[in-house]
Amino acid sequence: MKFIPFVALFSLIGMKSYSQKVYSVNYENQADVKVYVVQYENQADLKVFKESYSNQATQNEGRWFFVDYSNQADKKIYFVKYENQADLKIYFVKYENQAGWNNSSKKQLMY
């Protein structure tokens, strides 16, 4: 019977949570990822939907929740002025089901 709690504990540790809680920093050197917002959906690497609640921003699917403090964030982002400065190009969508990756080779940036 003592074996069951250990199995449960290790199975929880092994599960990865890729939540997308982001914080927008003021300086480029504070960021994990530099982001540029494109004008058109087809130019983006990632289509992003802004969630209203943090528990809705799960996995790496483009559903972001902007937190108030940097220590709450999984990723710190910096919005650059020019496209060639960016690690990731994003487009903000109006509906949750529109969010997702156009360029899945950039997925590792948000893990």
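The values are calculated or read from the model by the stated rules, or taken from the named source; none is laboratory data. These numbers were taken from a predicted model, which means no experiment stands behind them. So basically every Cβ, Gly included, is an ideal-geometry build from the backbone, and we count neighbours across all protein chains shown. Side chains included, ligands, DNA and RNA excluded: accessible areas come from the protein's heavy atoms. Shrake-Rupley method; radii C 1.70, N 1.55, O 1.52, S 1.80 Å.
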Mind listing just one residue for me: the one in the range 66-111 that is more than 21 Å from residue 41 (Cβ to Cβ) and of a type in the set (Phe, Trp, Tyr) and, of those, surrounded by the most Cβ atoms within 10 Å (Cβ to Cβ)?
78
Identify, from the list 94, 34, the residue that is assigned to a loop (DSSP other than H, G, I, E, B) and either in contact with a Gly (Cβ under 7 Å, 6 or more places away or on another chain) or at pLDDT 95 or above (or both).
94
When you check residue 57 against the structure, is it open to solvent by less than 60 Å² (accessible area, probe 1.4 Å), over 20 Å from residue 26 (Cα atoms) and modelled with pLDDT of 95 or more, yes or no?
no
Check off (1) out of contact with any strand residue (DSSP E or B) (no Cβ under 7 Å at 6 or more places or on another chain); (2) on the phi < 0 side of the Ramachandran plot for residue 66 and give me the number that stays unchecked.
(1)
The number of residues in the range 79-91 that are over 24 Å from residue 53 (Cβ atoms) and outside any loop (DSSP other than H, G, I, E, B) is 4
For the structure I just gave you, tell me whether residue 49 is at pLDDT 95 or above, surrounded by 14 or more Cβ atoms within 10 Å (Cβ to Cβ), closer than 10 Å to residue 21 by Cα and in contact with a helix residue (DSSP H, G or I) (Cβ under 6 Å, 6 or more places away or on another chain).
no
